[in-house]
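Asks: Dropping a structure here in structure tokens format, bear with me for questions.
The values are calculated or read from the model by the stated rules, or taken from the named source; none is laboratory data. Please read these numbers as outputs of a predicted model, since none were measured by experiment. Reconstructed Cβ throughout: ideal geometry from the backbone, glycine too, with neighbour counts over all protein chains shown.
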Amino acid sequence: MLLKAIRRLGLFVLTVLVASVVVFFLLGILPGDPARAQLGLQASEERVQALREQLGVDRPLPVRYVEWITGFFTGDMGMSYATRSPVAPQVLDALQVTLLLVLGGIVVAILIALPLGILAAVRHNRPAGAVFSAISQLGISVPNFLAGLLLIAIFAVALGWLPSGGWAPPEAGAEFLRRLALPALALGLVNGAILSRYTRAAVLEVMREDFMRTARAKGFTARQALVRHGLRNALVPVVTVTSVEFANLIIGAVVIETVFVIPGLGSTLIRAVANRDLIMIQAIVMCVVILVLVVNLLVDLIRPVIDPRLRSAA
């Protein structure tokens, strides 16, 4: 088990390095000139060249990559091309906001997916099971931004219970929860519907296993057998899929932040793209990549804890 964890950690570090190379060089070879984009088409070539030297984009890509990745892992993500201010504080502030939004979305998704998926599996041959499956299918078909607009129309405009946008830090307490509620719900509804389909499939598969029939033969009711033996086995694929959905939640957060005017990574990334601020874009993309890889690493380490058979296989 320890050896497997060390191997996974080594693979994680290698993946981060490979991802950093891909991110940096793909963005570095894109057409366009940051200096020309800032000064405009009417600027003289001398001024553009001077700004290129000031920004450091006139040097070879490998040299710039070594400087960038060394600074990135020491907390120096570089200077923004657009604002000429350090990138790290801006990205970390936006990352905190996005993380809180994504965690809220995950909580909503799990609270929806587990009951809906389990009930759809347990009652799969009854009308109620078909209704639960139809609800999940409906949820999958609704885009995140449309869910957000519908929630704003109902709870902010019609009922006036919650604000329609904006953000408050966690220190604000109740105001923070009020402003987090609608975007987290919009983000979690769709992903909860998707996750409920996987939960239903996992529970159905477990219910057909031999050990479940053995538990029933020993006198357990169907519910007791599922609670005592089935759910823990069904959690393994669900946890794995949740890690995949985490990446989808981050992507969905970009849209939700725009709908609810939230100053997270999504809105910061859109501004950076508009200003052709490549150093800011690189920092944001790398933070997202590392975040997703960390979640996948944690899931790989948690799965053997949920299912001891994976420990024996390792």
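So that you can scan it fast, the table gives a plain yes or no per residue for (1) closer than 30 Å to VAL261 by Cβ; (2) within 23 Å of the chain's Cα centre (by Cα):
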residue	(1), (2)
GLN137	no, yes
SER196	yes, yes
MET207	no, no
ALA225	no, no
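Asks: Could you grab the pairs with beta carbons closer than 9 Å, sequence gap of 6+ or different chains, first residue in segment 241-264 and under 14 Å from SER164 (Cβ atoms), second one aromatic (Phe, Trp, Tyr) and in a helix (DSSP H, G or I)?
Replies: ILE256/PHE145; THR258/PHE145; VAL259/PHE145
Asks: Any chance segment 250-261 includes a residue that's touching a Leu at 6+ places or on another chain (Cβ under 8 Å), over 16 Å from ASN191 (Cβ atoms), assigned to a loop (DSSP other than H, G, I, E, B) and of a type in the set (A, V, I, L, M, F, W, C)?
Replies: Among the residues of segment 250-261, at least one is touching a Leu at 6+ places or on another chain (Cβ under 8 Å), over 16 Å from ASN191 (Cβ atoms), assigned to a loop (DSSP other than H, G, I, E, B) and of a type in the set (A, V, I, L, M, F, W, C), which makes the answer yes.
Asks: Select, from VAL91, VAL102, the only residue that is farther than 24 Å from GLY192 by Cα, touching a residue at least 60 places away in the same chain (Cβ under 8 Å) and not in a loop (DSSP other than H, G, I, E, B).
Replies: When all the criteria are applied, what remains is VAL91.
Asks: Condition test on THR268, is it in a helix (DSSP H, G or I) and at pLDDT 80 or above?
Replies: For THR268, the condition - in a helix (DSSP H, G or I) and at pLDDT 80 or above - is met.
Asks: Ok, one more. Collect the residues in segment 173-225 that are free of Cβ contacts under 8 Å to residues at least 12 places away in the same chain, assigned to a helix (DSSP H, G or I) and aromatic (Phe, Trp, Tyr), keeping them in residue-number order.
Replies: PHE176
Asks: Name the single residue, out of those in segment 158-185 being among the small types (Gly, Ala, Ser) and under 21 Å from the mean Cα position of the chain (by Cα), that is surrounded by the fewest Cβ atoms within 10 Å (Cβ to Cβ).
Replies: The residue in question is GLY166.
Asks: From the list ALA109, ALA82, ALA130, which one is over 30 Å from LEU17 (Cβ atoms) and buried (at least 16 other Cβ atoms within 10 Å of the Cβ)?
Replies: Only one candidate qualifies: ALA109.
Asks: Here is a further query. Just to be sure, is ARG208 within 30 Å of ALA234 (Cα to Cα) and surrounded by fewer than 15 Cβ atoms within 10 Å (Cβ to Cβ)?
Replies: It is true that ARG208 is within 30 Å of ALA234 (Cα to Cα) and surrounded by fewer than 15 Cβ atoms within 10 Å (Cβ to Cβ).
Asks: A follow-up question, please. Among the residues of segment 272-289, which ones are small (Gly, Ala, Ser) and touching a residue at least 40 places away in the same chain (Cβ under 8 Å)? Break it down stepwise before answering.
Replies: Residues of segment 272-289 small (Gly, Ala, Ser): 272, 274, 283.
Across segment 272-289, the qualifying residues are ALA272, ALA283.
Asks: Could you identify the single residue in GLY129, GLY148 that is more than 24 Å from LEU99 (Cβ to Cβ), out of contact with any strand residue (DSSP E or B) (no Cβ under 8 Å at 6 or more places or on another chain), in a helix (DSSP H, G or I) and assigned by TED's automatic domain parsing to the domain that holds TYR198?
Replies: GLY129
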